[in-house]
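Single-structure report; data block below.
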Amino acid sequence: MSAFIPKAVWYSRSPAVAPLSVAVRNGWLDEAFAAVGIPLKSTMDHRDEQVRRAYFDHHIFWSFRQGGSGPALWARSQGAATRLIGLTWNTEFQGIISRPGSGIRSAGDLTGRRYGVPRYAPLGFDVSAAFAIKGLVSGRGAEGLTHEGVDLVDLPLAPPGAAVGLGRFGLGGFQAYAAEARALLDGRIDAFYVKGGEGVAIANAIGASLVCEFGAHPDRWIRLGAGNPRPLTIGEEFCRRRPDLVDVVIREFNKVPAWARENPDEALRVVARESRVSEQAMAVSLGEDIGSHLGLSLDAEGLAAFDRYKKLLVDWSLLERDFSFDEWVEPGPLLGTGLRH
């Protein structure tokens, strides 16, 4: 029996430091799927909003996604037929910032102070709140503290397409940390979470003070956050009916770390362009070995930390329903051992 040939394979990605971003920018995935006669299409570049929403709900069966961890967990909790086939871990910058002169010099000093929690819930998942809450848990946890005693202040974000920014020159579209920065400068909050090159850029732009930094913390649970890890998920039907195409995806992803180490300047340009920040800001965020941020793994320690994050989101009511993490994980494609289920 001949293999089923889908009309197209789709991918969803966020503007992030991830092997998918590099493989797309370099044209490798397009070439690989063209070689087997199947068009490769981007959900995020599609004009139809129903197609673009696949980034969050993964409703397109013949698709794979790599990006922020929260939407991947949310989609599975909502019943999306996906499998987790890899995680990309990194040590990009993560921290909490405040105004100079605030007296907040450590995460412990946040007790009794106002911490900004941006609220933005496309399709029902509050992705920005998940980022901020885990940032607080990590920052305080690194100092042996819990989040208790910190005043959480909700900051509703502008709807998609609205002009947002620090003044009347706000640009259309989503501007990372604009709402939080404005609230900090207006005196409505005392601190907020930032990460990556975009976090470095906004902290520098407003002259913020660094309260704590934990993106390179040795404890994987502490450094787990908004974009760490970045899960690679794929449709169950995709896995079951065309495992050979899943192998194509893994093969192209696996080229990325070595290419980045051999071409560090170009790799930096690619991930900076993806994240819409300067190369300088991205270099500060990532450090020198960019290739170390672009691999795939499914080691036991990383899976345990990611499962713990899922449970945290359930505890904070950011995920309405729990699910079996073990049944979600499919290590076969990455390990080359075939499918488990």
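The values are calculated or read from the model by the stated rules, or taken from the named source; none is laboratory data. Treat the numbers as computed from the prediction; the structure is a model and nothing was measured. Quick reminder, even Gly has a Cβ in these numbers, built from the backbone with ideal geometry, and neighbours come from all protein chains shown.
Listed values, structure above:
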| read-out | value |
| --- | --- |
| Number of the condition not met by residue 105 [criteria: (1) surrounded by 16 or more Cβ atoms within 10 Å (Cβ to Cβ); (2) touching a residue at least 24 places away in the same chain (Cβ under 8 Å); (3) not β-branched (Val, Ile, Thr)] | (1) |
| Residue check for residue 95: in contact with a Leu (Cβ under 9 Å, 6 or more places away or on another chain) and in a strand (DSSP E or B) | yes |
| Breaking point among (1) closer than 24 Å to residue 179 by Cα; (2) part of a loop (DSSP other than H, G, I, E, B); (3) touching a Ser or Thr at 6+ places or on another chain (Cβ under 7 Å), for residue 143 | (1) |
| Given (1) among the charged types (D, E, K, R); (2) farther than 30 Å from residue 76 by Cα; (3) modelled with pLDDT under 95, index of the condition residue 186 fails | (3) |
| Residue within segment 115-132 that is outside any loop (DSSP other than H, G, I, E, B), touching a residue at least 60 places away in the same chain (Cβ under 8 Å) and over 27 Å from residue 77 (Cα atoms) present | yes |
| Any pair with Cβ under 6 angstrom, 6 or more apart, that starts in segment 45-74 at a residue that is without any contact (Cβ under 8 Å) to a residue 12 or more places away in the chain and ends at one that is basic (Lys, Arg) | 46/52 |
| Members of segment 226-270 found to be farther than 23 Å from residue 68 by Cβ, in a helix (DSSP H, G or I) and of a type in the set (D, E, K, R), listed by number | 237, 240, 241, 244, 247, 251, 261, 262, 265, 266 |
| Selection status of residue 79, among the small types (Gly, Ala, Ser), over 27 Å from residue 19 (Cβ atoms) and not assigned by TED's automatic domain parsing to the domain that holds residue 208 | yes |
| Residues (more than 24 Å from residue 286 (Cα to Cα), surrounded by fewer than 19 Cβ atoms within 10 Å (Cβ to Cβ) and either in contact with a Pro (Cβ under 7 Å, 6 or more places away or on another chain) or modelled with pLDDT of 95 or more (or both)) located in segment 1-31 | 8, 30, 31 |
| Long-range neighbours under 6 Å by Cβ, at least six apart or interchain, first residue in the same structural domain as residue 83 (by TED's automatic domain parsing) and buried (at least 16 other Cβ atoms within 10 Å of the Cβ) within segment 288-316, second among the charged types (D, E, K, R) and not in a loop (DSSP other than H, G, I, E, B) | 291/261; 305/220 |
| Which listed residue, of 100, 71, is buried (at least 18 other Cβ atoms within 10 Å of the Cβ) and modelled with pLDDT under 95 | 71 |
| Every residue from segment 271-285 that is surrounded by fewer than 21 Cβ atoms within 10 Å (Cβ to Cβ) and either in contact with a His (Cβ under 7 Å, 6 or more places away or on another chain) or not in a helix (DSSP H, G or I) (or both) | 276, 278 |
